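Reviewing the structure listed below.
Taken together, the values in this text are just the output of simple stated rules run on the coordinates, not laboratory data. This structure is a prediction, so every number in the text was calculated from the model and none was measured. In this analysis, Cβ positions are derived from the backbone assuming ideal geometry, glycine residues included, and neighbour counts consider all displayed protein chains.
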């Protein structure tokens, strides 16, 4: 496909998408070779990330799966404004049409789904700033020390509260003399806005407030605020936390987002006039590949759910759903026994069997399949030890991984760390104090 032909497809697909009611920020398309596409995919869709070996591992994985024909990346689209979209230069003409239409579906979802609303729309600049910051810290504190701390922080990157950006919390205002502060990101605050006065000692009779005041699911945020870390370590931890929050909505809406893009690329091509008669068979084969496979396929499930919704409730119901749901609430509302029987999704059976299978699926999708953990005490038995609580819902922790996480938390907290959970249906406290592991019933 020539550059002129590609521009015409982009113009037509955008016009048709808007005519169908899609609403999206401007999309910037770039055509890239396979090496660049693999690099972008390894970096999560962005051209620059902080230096770390994980990107090399991801790059090698993408190249290997492509070499053996296990997967192929046709496009990448990034949640920014403008939206950046990358097309593989070796895509056949029809594939370029499909992925361009597919990208407009993603762009609409990014702009209109509530879970993407708090995400920074200039994240490409933010990630470049993070990369520059980590490079400076490596030069100042040593590359090995910084990389080891990155390893530590990344092992805890899922210990956030993905729903926190959407919760309005109200706190009583403190009657203190206002301090002039410059607006900066959290990890730069100690450098730009140092304390105006040294902290005053608490009155002897003052009541010690529990920390945290209530269970805190944002473990990374709690560590940024309260762990005895050097400023450069807190800066790195905040970088990891900020990026984890940016990418969280993508995991929370994978089925909805891919299903939405597939639903609309189908409609734009078939009903929008982009599909030539001689391309119909090839398109059907491509569509079968997108929606096929024996395992769990988010494209297939999301696409067929949207079609089912349209038949039951009309097109407006689709637009409402894409605005307010994540995968869990979407499937909870629309994954019915009737749908499961029509599309052989999960185990239909009778109503009771279906409900049990549906509950297992929803549980697997909750928190992207990760355990939900809270900080409940930062001064256990008045020794400054950290206690976390695992919200047990019938699935036990992988003990080997849980112990490794405890050891990493100890390295950040500097004192013993405990985790309350359930093993063999009995309450257990796992502990690590830097030298010994303990398990107490």
Length gained if residue 312 through residue 140 is fully extended, taking 0.36 nm per residue and subtracting the Cα-Cα distance, is 55.8 nm
Please give the peptides 318-329, 270-281 ranked by average Cβ packing (other Cβ atoms within 10 Å per residue), highest first, as a rough proxy for protection.
-> 318-329, 270-281
Ranked highest first by average number of other Cβ atoms within 10 Å, how do 99-107, 430-438 line up?
-> 99-107, 430-438
So how tilted is helix 399-413 from the main axis of the chain? Cα-based, degrees 0 to 90, rounded to 10.
-> 60 degrees
Which value, in Å³ per residue, describes the convex hull spanned by the Cα atoms of region 371-440?
-> 83 Å³
In whole percent, what relative contact order does region 271-371 give with Cα contacts below 8 Å and a gap of six or more residues?
-> 16 percent
State the extension gain, in nm to one decimal, for the chain segment bounded by residue 89 and residue 404, taking 0.36 nm per residue of separation less the distance between their alpha-carbons.
-> 109.1 nm
First measure r as the distance between the Cβ atoms of residue 23 and residue 415, then evaluate 1/(1 + (r/R0)^6) with R0 = 45 Å and state the FRET efficiency to the nearest 0.05.
-> 0.30
Where in region 115-141 does the label zone of residue 48 land, with the point 7 angstrom along Cα→C-beta and an amide N cut-off under 15 Å?
-> 122-137
Compute the relative contact order of the chain as a whole-number percentage, counting only Cα pairs closer than 8 Å that sit 6 or more residues apart in sequence.
-> 15 percent
Which order, highest average first, do 408-415, 227-234 follow once you tally other Cβ atoms within 10 Å for each residue and take the mean per peptide?
-> 408-415, 227-234
So how tilted is helix 280-291 from the main axis of the chain? Cα-based, degrees 0 to 90, rounded to 10.
-> 20 degrees
What does the helix-only formula give at 222 nm for the chain: each DSSP H stretch with n ≥ 4 adding -39500 (n - 2.57), the total divided by the residues, and the result rounded to the nearest 500 deg cm²/dmol?
-> -16500 deg cm²/dmol
Which whole-number percent is the relative contact order of region 371-440 (Cα, under 8 Å, 6+ apart)?
-> 25 percent
Taking every DSSP bridge whose two residues both lie in the chain, the antiparallel percent to the nearest 5 is 70 percent
At a temperature of 20 °C and a viscosity of 1.002 mPa s, determine how fast the chain diffuses translationally according to Stokes-Einstein, using the Kirkwood radius over alpha-carbon pairs as Rh; express D in µm²/s, rounded to the nearest whole number.
-> 87 µm²/s
Rounded to the nearest 0.05, FRET efficiency between residue 117 and residue 436 (Cβ-Cβ, R0 56 Å) equals 0.75
Once you put a point 7 Å from the Cα of residue 276 and another 7 Å from the Cα of residue 214, both along the Cβ direction, what distance in nm separates them?
-> 6.1 nm
Calculated FRET value between residue 392 and residue 31, using beta carbons and R₀ = 41 Å, to 0.05 | 0.25
Semi-axes of the equivalent ellipsoid of region 26-142: what are they in whole Å, largest first, if each equals the square root of 5 times a C-alpha gyration tensor eigenvalue?
-> 26, 21, 11
Gain on full stretching of the segment that runs from residue 366 to residue 429 - 0.36 nm per residue minus C-alpha separation | 20.3 nm
